[in-house]
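Worksheet for the structure shown next.
Each value in this text was obtained by applying a stated rule to the coordinates, not by laboratory testing. Treat the numbers as computed from the prediction; the structure is a model and nothing was measured. All Cβ positions, even for glycine, are placed from backbone atoms using ideal geometry, and neighbour counts span all protein chains on display.
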Amino acid sequence: MRLFALALLLSPTGAAFLPPPAHLGGGRGVAAAAGPAARTQAVFMHLGGGRGTAAAAAGPAARTRAVFMEADYYARLGVQRSASDKEIKNAYRKQARQYHPDVNPSEDAKEKFQTINEAYAVLSDESMRARYDQFGEAGVKGAGGAPNMQDFDLGDIFESFFGGGGGVGGPGGARRRSGPMQGDDLRFDLELDFQTALFGGEKRIRITHLENCGTCSGSGVAPGASVNTCSDCGGRGSTVQVVNTIMGRLQQQVRCPTCGGTGTVVEKYCGDCDGRGVQKRSKQLTISIPPGVEDGNRLRVRGEGDAGPKGGPSGDLYVFLSIKADPRFRREGMDIYTEMSVSYLDAILGSTLRVPTVDATVDLKMPAGTQPGTTLRIEGKGAPKLNNVNMRGSHYVKVKVEIPKSISGEEQKLIEQLQKLR
Ligand SMILES: [Zn+2]
Ligand SMILES: [Zn+2]
């Protein structure tokens, strides 16, 4: 189990933010020792630190709570908070050269590389960096927070490693095959009821994803079997063919047919996974929904996507949230809107309205002479700010004044008297 140090525990409804930790140097295992947190599914809004492999230990009966990592992106890149864009970029490149999986195959480096990518994705974007400076991680989570995160392109780094040319996946794409590739990210659509979106909660979901085969540890090779360098291509994965054309003899590089381009020949493949290194598994996860989420928000569960081929790291699971409408309330961001019918007499004389809010019914004073269509405001009864139930939006009540369609004879007389008065 690997979780980053300095985990901050939040109850689904309680909320607090600690100042960013002084460093987050890829520490491990602290959460594992932290009692209830040890059996916790880590759920992140886009930008979690650490890998959510904790989930693997979380059985169906596991008690769960949201674990949020308050990450210090500046410390990850080793720069000051006042660093210029150029300093950030340079620091990132320096670190990326050190930890890129194609350069540094160790497990720690893979994690480290991911964490610096996350840090850079935030700090290299002017508006995200500003939000992060102001609100910490919460500022760059959710609400359209990081549209480019998933699409974050490594091409830029590859160019600086290998001197450009070809680009990723181009003619030089073979170099990407050298390291284990990360598995696919997965999508899960989750519908929440209106209240859960407001105040958070837990949802159990069942997913099916690829996991590393336990028998062969993801290598695809039968235990004890040998893996030899392909003798036909000398381990290069490609051979040169000479073709006769009308323009003369041409040399052509083709994938080695003996080894299929891998450069190695496997004596015996793993029978449990048919040599693929991964197996489909169904799994139950408990997802902690932070308070204040909105329709279209995504939660990222680290490491719960598909396992990578050849023992590569797992992708992430993205939980796409949709929020069920509530017939009583309309929500816009942190604000809640309702309408209320009042009698024309109450509108003229003033009254106390009993307004149902998302918490409970609230008494609201409607002043005398309230005009039709007036909007009254109840502070602090709107939706919570994402991840912070202590900051709430407002509840707005639009007043609809009802004019009676039929009135009694006595009412008729009294109103006619009123009419003469005016
Ligand atoms: Zn296997
Ligand atoms: Zn070969």
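Remarks
- Within straight-line reach of Lys86, meaning a Cα separation under 16 Å, sit the following lysines at least 8 residues removed in sequence or on another chain: Lys94.
- Efficiency of FRET between Thr208 and Asp185 - r from beta-carbon atoms, R0 22 angstrom, step 0.05: 0.95
- Exceeding the 25 Å Cα-Cα cut-off - candidates Lys112/Lys385; Lys365/Lys400; Lys110/Lys385; Lys110/Lys280; Lys365/Lys413: Lys112/Lys385; Lys110/Lys385; Lys365/Lys413
- Summed residue charge, Cβ within 15 Å of Ala383's Cβ, Lys/Arg positive, Asp/Glu negative: 0
- Under 18 Å from Lys324, Cα to Cα: aspartates and glutamates that are on another chain or at least 8 residues apart: Asp189, Glu191, Asp193, Glu202, Glu294, Asp295, Glu332, Asp335, Asp359
- Amide H contacts of Tyr269: Ala222, each under 5 Å away and 5 or more positions distant or on a separate chain (H built 1.01 Å from N in the peptide plane; Pro and chain starts excluded).
- Amide H partners (placed H, <5 Å) of Val278, local residues excluded: Cys213
- Here Thr338, Thr361 are placed in order of increasing Cβ neighbour count within 10 Å, fewest first, which gives Thr361, Thr338.
- Residues with amide H under 5 Å from that of Thr357, placed H, sequence gap 5 or more: Val362
- Of the residues Leu186, Asn244, Cys216, the one whose Cα sits farthest toward the positive end of the charge dipole of the range 175-317, with +1 on the Cβ of Lys and Arg and -1 on the Cβ of Asp and Glu, is Asn244.
- Converting phi to 3J(HN,Hα) with the Karplus coefficients 6.51, -1.76 and 1.60 and the offset θ = phi - 60°, the range 264-279 yields 10, 10, 8, 5, 8, 7, 5, x, 6, 10, 6, x, 7, x, 10, 9 Hz in sequence order, with x at every glycine or proline.
- Considering only the range 331-422, percent of DSSP beta bridges that pair antiparallel, nearest 5: 65 percent
- Residue ranges 112-121, 270-279, 373-382, 394-403 sort as 112-121, 270-279, 394-403, 373-382 when ordered by packing (mean number of other C-beta atoms within 10 Å per residue, highest first).
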